[in-house]
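The structure appears below as structure tokens.
None of the figures in this text is laboratory data; all of them are computed from the coordinates on show. Model, not experiment: these values are computed from the prediction. Cβ coordinates were reconstructed from backbone atoms using ideal geometry, including for glycine residues, and neighbour counts include every protein chain displayed.
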Amino acid sequence: MSKSAKPSPDRNKTAAQDKPGTESIALRAFSIIELLAKHETPLSLDDVSQRLELPKPTAFRILSLLQSANILQRDPVSRRYATGPRMVVLGLDLWRQSSLRAQWHSVLREVVDTLDENCNLTILEGNEVLYLDRVETTQPLRLHLEPGTRVPLHCTASGKLFLSQMTKTQRRKLLGGGPLARYTDRTITDIDELDRALEVIQQTGVGTHDGELFEASVAIAVPIADKAGRIHAALAVHAPSSRASIDSCLAHLPTLRAAADKIAATLVPSDKDI
């Protein structure tokens, strides 16, 4: 009676190396998601492989798996990867349940108590501005917008602030070549004119809205950035033009920037924690 052949130890070792465990795959997948979430522009397969020091076949296999689950998305032309729709939803759900929400909301409340005007916390989502949170003044004349509201980029204070951080190529990809949608007589619809306006915002670090989306209203926005200078969100003050102007709003910049710094401080550990 012949004995059954025993598998070669070397062969088993090779198989184990070629097929990493579930834990290893999960951690690698998380590293890829984290890398793409932090990067301002989509990354190629080579980028991911080199930055995370992963074999290209391994990186491609995990990227493909994440793409098929809509966790990541791949541009059909550039073949670069970015976070997908499921990640956006997950991020918002995590924020809603996070203790940070209460901290950030209290900062908005402090701004409203000081300035007595509406204060918004916004992020860039695709080609729109998304209102994450909002605290409204008790004054009878005010613009009411719910958290979750989406507004255009090219004619809002936060939107123009986000656009000012992009290259012209990135902006064209988001907005097209124009003309841009008109909402009021003051809306900038010419893409070149918008570029000139964004150059000013890039220098000042302050986005402005002067009746461009909503008539008879003004707003300014400042960035919420981490220590590396990456802008994650914006903080904006909004008021009717019957009692405020761009200049009067700009007088409140110290208050608004101090509030933005408070929120930014929660995004990364302090030097003492590192």
Report the net charge of residues surrounding GLN203, where surrounding means a beta-carbon distance below 15 angstrom and charges are Lys +1, Arg +1, Asp -1, Glu -1.
0
Amide H to amide H under 5 Å from HIS232: which residues, 5+ apart in sequence or cross-chain, H placed 1.01 Å off N in plane?
ILE224, ALA225, ASP226
Estimated Rh, segment 184-259: Kirkwood, alpha-carbon pairs, angstrom:
13.3 Å
Helix 99-115 sits off the longest principal axis of the Cα atoms of the chain, rounded to the nearest 10 on a 0 to 90 degree scale, by 10 degrees
Could you give each residue of segment 186-191 its phi-based ³J(HN,Hα) in whole Hz, using Karplus coefficients 6.51, -1.76, 1.60 with θ = phi - 60°, and x for Gly or Pro?
9, 5, 7, 10, 8, 5
In debye to the nearest 20, the charge dipole size for segment 98-273, taken about the Cα centre with +1 at each Lys and Arg Cβ and -1 at each Asp and Glu Cβ, equals 380 debye
Can you give the log10 of the normalised intensity I(q)/I(0) at q = 0.11, 0.13 Å⁻¹, computed with Debye over equal Cα scatterers of the chain?
-0.71, -0.93
Exposed loop sites here are trypsin sites (Lys or Arg not before Pro) in DSSP loop states with at most 10 other C-beta atoms within 10 Å. What is the longest stretch of the chain lacking them?
80-274
Within segment 165-274, which GluC sites (Glu not before Pro) sit in a loop by DSSP and count at most 13 neighbouring Cβ atoms inside 10 Å?
GLU215
LEU145 neighbourhood, Cβ < 9 Å, K/R = +1, D/E = -1, net charge -1
Whole-Å semi-axes of segment 117-274's equivalent ellipsoid, largest first, each the root of 5 times a Cα gyration tensor eigenvalue?
24, 21, 14
